[in-house]
Amino acid sequence: MANPLRLPMVPRALRNLVSKPATRRYPYEIRPRFEGARGTIEFDVDTCNYCMLCMRRCPAAAITVSREDRIWAIEHLTCIGCNVCVEVCAKKSLTMSKESKPVHTHAEVGPHGERPGHEEWHKEETQAAEPAVQAAPAVGGASPV
Amino acid sequence: MKRTVVPFGPQHPVLPEPLVLDLILEDEKVLDAIPTIGYIHRGLEMMVERVEYTEMGFVVERICGICSFMHGMGYCVSLETIMNIEIPERAAWLRLIWAEISRIQSHLLWLGLGADAFGFENLFMHCWRMREQILDIFEKTTGGRIIHSVNRIGGVKRDMSDTELAAILVQLQDLGKQFKKTANVFGTDPSIAHRLGGVGVLSMEDARAVDCVGPMARASGIATDTRLIGANYYDRIELEPVVETAGDCLARVVVRMREIDQSIDIIRQAIDKMPKGEGMPLETKPRGNPMGEVFTRLEQPRGEVLYYVKANGTKNLERFRARTPTFANIPAMIKLVKGCELADVPNIILTIDPCISCTER
């Protein structure tokens, strides 16, 4: 049996009295994410040619692409951030931002009928560059998730 | 004397995951324990039938959050063996380095949980503070803290520059020095020695009889380590299995503590031996669909894991099966729990390092 007077935690405890805390005051002090961290998928509607490769390769089936209707949509709550769509995109329309977007975790239909985490872009064929329409009504009618 | 049945779990302060043990007690002594698993079965193995084999790697990674890197690696190694793919040298070394970093992460996590279970909450926080540095390394190098998604069939997706590798090594060696002070607490504190020493003793013969794997077997004096078979570039590393002979709960703690130092040394050797330079090939693209079947063995932080993959020449595999180390260690846990005091049950269960998500998939 070891000597009962040995108290190996004491030096550490004394140092803790004078050292800075190891934690951050989280909501007020946020550590920036590292370069190359995988956060949220970002989409550039102008360069996309609707090849549907990202939709076919997505392991989580989070991406829906419709070539006829010129619609590109992603469910951020289904996306697993594996980076595969970014790797396969030939037109470099997809990028992975290092910041994670705050997502709605409650299943609630918003005032415009949007679904939580659903993001959709629509490109008119006559217009070359349409600004991104975010959180538009879902294709098949808005429904609570 | 009247017998009592005390359900242990599925919700219990020492269990991070649901496991049920029906303890049959006579007074405070445990006579028998009946385990029940199946609370978090997700049917991930069944998913091979509808997920393409190239995408299944992401599913396999999600079997467990702590061993996610090695699950992904095991799946990719299995497919590479079936498809006869030789992965680039640097990719193999990077895999080895990440695997060892994830071992350090897992052991630190477990030491923290163990400290919390025997009442040392402060020690738990120190272990997890150190683990946070490892998670930062993972986020910097792979892009994810827990789910790394760097393994692809045929190689890895990301490279680490040589300066980055050198910086990681310095950081890990610094962490090793910090950890020595914490390890000192585990090794010398009289109340820890009293709580864990001589509790749950598994003799070498018993450990062989119930087929223990990993640190559990090594704490009972069996020098078994799947890394010694030399696959995945481990043959180029000087490696001695960490063996303790006491076989009690304290020995299992000590084995895991020494393995952290060993992993840091393996990473140092790997960084020395790997080919240097920028822009080296990291991936061999797989061609066609796999055909054949294979068993792959890896040494996970918890012990030997076994993957069985059967492919039939289509995009979907026919069968995928993972026999995880916790599953192999459950018989030993039942053996240890029988005859012990009720108050020792949490420590005994925790020292097998149960990972129920892995076991149930």
Based on the mean of other beta carbon atoms within 10 Å per residue, what is the order of B:45-58, B:213-226, most packed first?
B:213-226, B:45-58
So if R0 is 25 Å, what FRET efficiency would A:Asn49 and A:Lys101 give, r being the distance between their Cβ atoms, rounded to the nearest 0.05?
0.50
Report the equivalent ellipsoid semi-axes for region B:40-328 in whole Å, largest first, defined as the square roots of five times the eigenvalues of the gyration tensor built from alpha carbon atoms.
32, 23, 17
Counting only C-alpha contacts under 8 Å and six or more residues apart, can you give the relative contact order of chain B as a whole percent?
26
Averaged across B:139-152, how many Cβ atoms of other chains sit within 10 Å of each residue's Cβ atom?
4
Among B:Ile271, B:Ile82, B:Pro346, which residue has its Cα positioned farthest towards the positive end of the charge dipole of the protein assembly as shown, with +1 placed on the Cβ of Lys and Arg, -1 on the Cβ of Asp and Glu, and the dipole taken about the Cα centre?
B:Ile271
Along the Cα→Cβ direction, 7 angstrom out, place labels at B:Asp261 and A:Ile30. What is the inter-label distance in nm?
4.2
Can you return the lysines within cross-link range of B:Lys338? Criterion is Cα-Cα under 25 Å, with same-chain partners fewer than 8 residues away left out.
B:Lys2, B:Lys29
Helix check for chain B. Which DSSP H runs span at least 15 Å along their own axis by Cα, with a mean Kyte-Doolittle hydropathy no less than 1.0?
B:325-337
Relative contact order %, region B:13-164, counting alpha carbon pairs below 8 Å whose residues are six or more apart
23
Mind listing P(r) for the protein assembly as shown? All alpha-carbon pairs, 20 Å bins, whole percents.
20, 51, 26, 3, 0
Name the residues of region B:228-265 whose amide N is less than 11 Å from a point 7 angstrom out from the Cα of B:Arg297 along the C-beta direction?
B:228-231
Over region B:31-104, what relative contact order in percent results from Cα pairs under 8 Å that are six or more residues apart?
24
Selected from A:Gly39, B:Cys212, B:Val60, residue furthest toward positive end of dipole (the protein assembly as shown; charges at beta carbon)
B:Cys212
Can you give the FRET efficiency to the nearest 0.05 for B:Met280 and B:Thr4, using r as the Cβ-Cβ distance and R₀ = 60 Å?
0.40
Sort A:71-81, B:277-287, B:119-129, B:69-79 by packing, meaning the average of other beta carbons within 10 Å per residue, with the highest value first.
B:69-79, A:71-81, B:119-129, B:277-287
For B:Arg208 and B:Arg50, what is the calculated FRET efficiency with R₀ set at 51 Å and r taken between the beta-carbons, to the nearest 0.05?
0.80
Pair A:Asp69, B:Tyr39: separation of 7 Å Cα→Cβ label points (nm)
4.3
Residue mean of other protein chain beta carbons inside 10 Å, A:6-15
4
Averaged across B:185-193, how many Cβ atoms of other chains sit within 10 Å of each residue's Cβ atom?
4
How do B:14-26, B:170-182 rank on mean C-beta neighbours within 10 Å, highest first?
B:14-26, B:170-182
Beyond a 21 Å Cα-Cα separation, which of these cross-linked pairs lie in this structure: A:Lys98/B:Lys140; B:Lys180/B:Lys273; B:Lys157/B:Lys177?
B:Lys180/B:Lys273; B:Lys157/B:Lys177
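All of the numbers you see were taken from the coordinates with simple rules; none came from a lab. Keep in mind it's a predicted model, so treat the numbers as computed, not measured. Positions of Cβ are generated from backbone atoms using ideal geometry, with glycine treated the same way; all protein chains shown enter the neighbour counts.
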